[in-house]
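Asker: Here you go, one structure.
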Amino acid sequence: MLTQKFDTLVKQLRVLPGVGQKTAQRMALHLLTQKRPQGIALAQALDVAMHDIIECRRCHSFSDDEVCPICQDPRRDDALLCVVETAADVMAIEQTAGFRGRYFVLGGHLSPLDGINADDLNIDQLIGRLKQEPVEELILATGTTVEGQTTAHFISEAAKSHVSKITRIAQGIPMGGELEYLDSMTLSQAMQNRSFI
Ligand SMILES: [Zn+2]
C-alpha cells in the first residue's frame, strides 16, 4: 500500500473494463505525477456524466435532456425507425453517417437462459410508439447473434400489425457479431442492403 487514498483511487479505476490492478496503478501514478489538472477535469466529467446523463424519453438512448439531440433533430426522417440493442449501436451506425432516420434502443436482447425476457426490454414502449406514431419502415438492426436474431423475429411478430414494412439489416456481416465491433463500411453496407424479414 502506498497510501490509503491512492489505494482507493486504484480500486475505483478497476471498475473500468479490462483494467486490472497493475494497469489501474499505472493510471493512478500517471495522473498524479504528470496529469493532475487533467485528472481533476476527468473527475469532474465523470461526476457530471454519472449524475446528469439520463435515458431519452423517446428512443431510450442516452441524453443530457429529457429528449436526445437525434430525436429532436427536425432534419431526420420520421418515416424510418431503426431498432438497436444498445446506445453503443446507435453510435456505431451514426459513425457510418449513412442513416438519416430515427432510432429506438431496446436495452439489450432476448436471452431466456440469462433471464432476459420481453418484459426486461423496451419492447412494449416500441409497440406503443408505433401505434401512436406510425412509420413507413421499421429496420431491425439487432445483432447477428442467436439472441439478436431471436429478438428481431420477436419484434417482427409483435410489430407486424402496426407497420407494413419491416426490414432486417443485411446478413453479410459475420454471424455472432455485435454491431458496435463492425467496421463502418461493413455496417454501412448492411444498413443499405437490408431486406424484408
Ligand atoms: Zn432520443
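Coordinate-derived values only; no laboratory data. Since this is a predicted model, take the numbers as computed values, not measurements. All Cβ positions, even for glycine, are placed from backbone atoms using ideal geometry, and neighbour counts span all protein chains on display.
Asker: For the range 102-166, what is the charge dipole size about the Cα centre, in debye to the nearest 20, if Lys and Arg each add +1 at the Cβ and Asp and Glu each add -1 at the Cβ? Intermediate results must be reported in sequence, preceding the final value.
Answerer: Numbers: 5 positive and 9 negative charges, 53 e Å.
Computed charge dipole of the range 102-166: roughly 260 debye.
Asker: Another question about this same structure. Hey, which lysines would be in cross-link range of residue 35, C-alpha to C-alpha under 21 Å, not counting anything within fewer than 8 residues on its own chain?
Answerer: In chain and number order, the partners are 5, 11, 22.
Asker: If the reach is capped at under 27 angstrom between alpha carbons, list the lysines near residue 131, excluding any in the same chain fewer than eight residues apart.
Answerer: The reachable lysines, counting only those whose Cα sits under 27 Å from residue 131, are 160, 165.
Asker: So for the chain: antiparallel DSSP bridges make up what percent, rounded to the nearest 5?
Answerer: Values: 5 of 18 bridges.
Bridges in the chain are about 30 percent antiparallel.
Asker: Using amide H atoms built 1.01 Å from N in the peptide plane, name the residues 5+ places from residue 116, or on other chains, whose amide H lies under 5 Å from its own.
Answerer: Result for residue 116 returns 111.
Asker: So which trypsin sites (Lys or Arg not before Pro) in the range 80-176 pass both tests, a DSSP loop state and at most 10 other Cβ atoms within 10 Å of the Cβ? Could the numbers behind the result be given before it?
Answerer: Values: sites: 100, 102, 129, 131, 160, 165, 168; in loops: 100, 160.
Sites meeting the loop and neighbour criteria: 100.
Asker: Separate question: Can you give the percent of C-alpha pairs in the chain whose distance is more than 20 Å? Working shown, then result.
Answerer: Working: 11976 of 19306 pairs.
Of all Cα-Cα distances in the chain, 62 percent exceed 20 Å.
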